[in-house]
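The structure appears below as structure tokens.
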Amino acid sequence: MKKIFLIILTNIILFFIIVLFLELIVWGCENLRIKIQDKNYIGTYLIPFHSGIKRFNYVALEEFKNPKTNLTRKPEGLNYTKRPIVIFGCSYAYGLNLNNEQTFSYKLSHLTKRPVYNRAVSGWGFQHMLNQVRQDKFYVDVPEPEYAIYVMMNDHFRRLYIPTFMSINLLYEDYYLRYEIKDGKLIIKKEKNAFFEFIQRLYITQKIEHFYINNILLKPNNYNQYFPFAVKHLVESKKEMEKHWNKTKYVIVLYQTFPHDDLFIKKLKENDFIVISLKYDYNLNLDLPQYTNSDYHPNEKAWDLLTNKIIESLNL
């Protein structure tokens, strides 16, 4: 009996030594990756090893009223009297590395003479819109708009599933906001107990999960799984807004193309979304160099072209 106990104990110790060794390898490689990829990374220190879990990578609603923040955009055109517009999305809709007057929200506001509320933040996805519109205080700050516009890019599918957004978030244990379906409704995903939380926080676990998401789950021929999950986020967001707004119309702008996007468009239209596809409606590819900054995000030229087309399509 004692021998069996020693064998089991030895194997447990060996297991934890192997896990620790793998964790240190991933930690070192990811630190190196960050320093190579981000030339502007501040400091020469290593990101601490498992510094502590930080839940849900999202900006609190109060941040949209913080005059000193660079994380959010302030409302535009509040002196205009036409019905407003609200914009959701990520860094594309936010206008990453653009001056305020170069952004979609600024141009849309002053070309249409309407108030525009930009509720997009860099790194966000469908779930962050849902998180916002489920909070009553959102409707205190954003009056009922004529249009709610979500600017979508391809990575929003991946963001539905990932535990952490990028290498730096993985190392800082800065967990991404995710939902799961329970009893037919989307609820915030949390680990069920301390053991599963320990397994989830391992760097090696997350690297395996990221590999599975990128290479298996999101394979083009698996669209029957991730398309409905994405649409459910959009539909539940729309239903939440409809509890407060009676006359708003909901628009999805597909900025990029992706496999089977025609089927995704069909699903959106079946759920009463207005869909604007740069590919199908405008024959545009704004991922070309002349329409992007060095960070591959839309530049002002892209928004000059696209904003006018959206205004025409929606009769704004």
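The values are calculated or read from the model by the stated rules, or taken from the named source; none is laboratory data. Computed from a predicted structure; not experimentally measured. Counting neighbours? That spans all protein chains shown, and the Cβs are built from the backbone with ideal geometry, glycine included. To get the accessible areas, we keep the full protein, side chains included, count just its heavy atoms, and leave off ligands, DNA and RNA. Shrake-Rupley method; radii C 1.70, N 1.55, O 1.52, S 1.80 Å.
In the stretch 100-112, the residues that are closer than 16 Å to residue 292 by Cα reach residues that are modelled with pLDDT of 95 or more and among the aromatic types (Phe, Trp, Tyr) with C-beta atoms within less than 7 angstrom, at least six apart or across chains, in these pairs: 102/303; 103/303; 104/303.
Listed conditions (1) modelled with pLDDT of 85 or more; (2) open to solvent by 80 Å² or more (accessible area, probe 1.4 Å) are all met by residue 26, apart from (2).
For the condition among the β-branched types (Val, Ile, Thr) and either modelled with pLDDT of 95 or more or surrounded by 19 or more Cβ atoms within 10 Å (Cβ to Cβ) (or both), what is the one hit in 188, 216, 168? Step by step, each of 188, 216, 168 is checked, and only 216 is among the β-branched types (Val, Ile, Thr) and either modelled with pLDDT of 95 or more or surrounded by 19 or more Cβ atoms within 10 Å (Cβ to Cβ) (or both). Within the stretch 265-286, take every residue that is among the basic types (Lys, Arg) and in contact with a helix residue (DSSP H, G or I) (Cβ under 8 Å, 6 or more places away or on another chain) and give me the one that is nearest to residue 235 (Cα to Cα). Here the answer is 267.
Checking 207, 239, 232, 192 one by one, the residue that is without any contact (Cβ under 8 Å) to a residue 12 or more places away in the chain, assigned to a helix (DSSP H, G or I) and either aliphatic (A, V, I, L, M) or on the phi < 0 side of the Ramachandran plot (or both) is 239 and no other. Taking the criterion of being open to solvent by less than 50 Å² (accessible area, probe 1.4 Å), in a loop (DSSP other than H, G, I, E, B) and in contact with a Pro (Cβ under 7 Å, 6 or more places away or on another chain), the only residue of the stretch 81-105 that qualifies is 84.
When residue 71 is tested against (1) open to solvent by 20 Å² or more (accessible area, probe 1.4 Å); (2) closer than 22 Å to residue 237 by Cβ; (3) modelled with pLDDT of 95 or more; (4) of a type in the set (A, V, I, L, M, F, W, C), just one condition goes unmet, and that condition is (3). Of all residues in the stretch 206-254, those that are out of contact with any helix residue (DSSP H, G or I) (no Cβ under 6 Å at 6 or more places or on another chain) and among the aromatic types (Phe, Trp, Tyr) total 5.
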